[in-house]
Amino acid sequence: MRKRSLTYCVRRSFGLALILLAGCATQVARTEAAGPVRAAPDWRGVATAADRTRIGNWREAFVKGLAAARSGGHAAEIDREGALLAPDAALPNPRPPAGAYRCRVIKLGANGTAMADYTVYPSFDCRIDDEGDLASFSKLTGSQRPVGILFGGADTRLIFLGTMMLGDERRALDYGDDPDRDMAGAVERIGAGRWRLILPYPRFESIMDVIELVPAAQG
C-alpha cells in the first residue's frame, strides 16, 4: 500500500492568507481495489516535542496555577468561576459549533515578576470554524490573538495547536517556525453552551491560561 502526506491548509474567514500547518498531514492510502481514503489527522504527528510535553502536563499546570492564585488571595474569585476553573470539569462532546463566540481569558500563576498570580481580561471576539475533519479557533481582536487548529483528542477534549499573532500582523506564522509563538492546549466542554480552551505553560506571563468560550448570542 502506497501512502503520501498532504499539507492541511486553513483559510481564515477574516481575510488572512492561508495558514499552513506544515506536517498537519492527512494520510492518503491507495489500494488496487479502492480509491483514495483519507484518515483524520493525528495531532501527535503535528505537534512539536515541546508541545506534546506541555499538553501531557496540562493538569500539573492547572493545579500549580490555581495554587499560586489561591495563595495570592484569589480563592473567592476562583470559586465563583465554578467549572471554568475546575481541572476535571470536562464533559463529553467537546467540539463547539461553528460560529461567533465571546471569549474571556484568565491567567493563573505568574511566570516572572511582571504579572499577578490571577488576572482576568475583558471579553473579546473569537470564532470557531468548521474545517471538515477538524475545526479552527481564532481570536479576532486584541494585541495578542491565538489562531490554530482543533484536532480530535479524546471523548472529552480537542487538542489545540496554533500560533500567536501580535499587534497589527496580518498573517500568522506557520506552526513550528517560532517556539515562542507556538501554542498548545485543549478545548473542553464544561456546560450547556459553554467551553474552555486551556493553554498549559504558555511561553510568557503565566503558568496556565484558561479561555472561556460562550456563543456570542448568549455572551
Taking every other residue with Cβ under 11 Å from the Cβ of Leu108 and scoring Lys and Arg +1, Asp and Glu -1, one gets -2
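Find the eigenvalues of the gyration tensor of the Cα atoms of the range 91-219, then list the square roots of 5 times those eigenvalues as equivalent ellipsoid semi-axes, largest first, in whole angstrom. List each step's numbers first, then the result.
Values: eigenvalues 91, 59, 44 Å².
Those come to 21, 17, 15 Å.
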Could you please put Leu91, Leu161 in sequence from largest to smallest accessible area, using a 1.4 Å probe? Leu91, Leu161
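Would you kindly state how much longer the chain becomes between Ala192 and Thr141 on full extension, computed as 0.36 nm times their sequence separation minus their alpha carbon distance, in nm to one decimal? If you can, show how the numbers build up before the last one.
Numbers: separation 51, 0.36 × 51 = 18.36 nm, distance 2.51 nm.
Once the chain is fully extended between Ala192 and Thr141, it gains 15.8 nm.
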Euclidean distance of C-alpha centroids, the range 55-121 and the range 163-191, integer Å: 18 Å
Report relative contact order for the range 138-213 in percent, whole number only (criteria: Cα-Cα under 8 Å, sequence separation at least 6). 21 percent
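Leaving out ligands, DNA and RNA, and with a 1.4 Å probe, what % of the accessible surface on the range 77-219 is carbon or sulfur?
The value for the range 77-219 is 50 percent carbon and sulfur by accessible area.
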Cα-projected label distance for Met115 with Val63, points at 7 Å along beta-carbon direction, nm: 2.1 nm
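What is the local net charge at Asn93, summed over the other residues whose Cβ is closer than 10 Å to its Cβ (Lys, Arg +1; Asp, Glu -1)? Show your work: numbers first, answer last.
On the way: positive: Arg95, Arg189; negative: Asp155.
Summing Lys/Arg as +1 and Asp/Glu as -1 gives +1.
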Could you give the length gained by full extension between Ser123 and Glu205, i.e. 0.36 nm per residue of separation minus their alpha carbon distance, to one decimal place? 27.7 nm
Quick calc: nm separation of the 7 Å Cα→Cβ label points for Glu131 and Ala217 -> 2.5 nm
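The values are calculated or read from the model by the stated rules, or taken from the named source; none is laboratory data. Quick caveat: nothing in here was measured; it's all calculated off a predicted structure. Virtual Cβ from ideal backbone geometry, glycine too; neighbours counted across all protein chains shown. Accessible surface areas use protein heavy atoms only, side chains included; no ligands, DNA or RNA. Shrake-Rupley method; radii C 1.70, N 1.55, O 1.52, S 1.80 Å.
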